[in-house]
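Inspection log for the structure reproduced underneath, given as structure tokens.
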Amino acid sequence: MRVLLDTHIYIWRVSRDRRLSARFRQAIEEAQQVCVSTASIWEMSIKAARGKLEPDAERAIDVLEQHPFIVLPVRLVLARVVRYLRLVHRDPFDRVLLAQAITEELDFLTADTELASYLNEALPAGRQPVNRRMTSLRLQ
């Protein structure tokens, strides 16, 4: 299994936050590849600059290279996929992450229930469908 971590899941993982459930920890540990998007790094940097990240979360930006995560670039194709997603979720970073999970065929680990509403959604005719393997493991 190859996974893409939502920004909060990444922060909780590297800061050993208790909000990261056992299910999330297990999914990350069992994954063959764990990916973090450049979009998440941008999101964390912007929030840090605005003073909206806790110190542990701010540290998550600095320790990225110390973890065996694959950092995925934001590519042009993501803009094309985002264009066809329903506008349920308005956060542009989350929409890019979802598009990245779709295009890279990654299981998407998120605790965001709004993002989970996109699971198994089909794009307009002639477009590639959302990856049916995409997973949303909600915190319990």
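All of the numbers you see were taken from the coordinates with simple rules; none came from a lab. Everything numeric here is computed off the predicted structure, so don't read it as measured data. Glycine gets a Cβ as well: all are built from the backbone with ideal geometry, and neighbour counts include every protein chain shown.
A few remarks follow.
- Approximate spin-label separation Lys52-Ala22, in nm, with each point projected 7 Å along Cα-to-Cβ: 3.4 nm
- As a length-normalised measure over Cα pairs under 8 Å and 6 or more apart, the relative contact order of region 2-116 settles at 37 percent.
- Calculated FRET efficiency for the pair Met1/Val71, C-beta based, R₀ 30 Å, to 0.05: 0.95
- Region 2-116 - convex hull of alpha carbons, volume per residue in Å³: 102 Å³
- Projected label points at Glu114 and Arg59, each 7 Å from Cα along the beta carbon direction, are separated by 2.9 nanometres.
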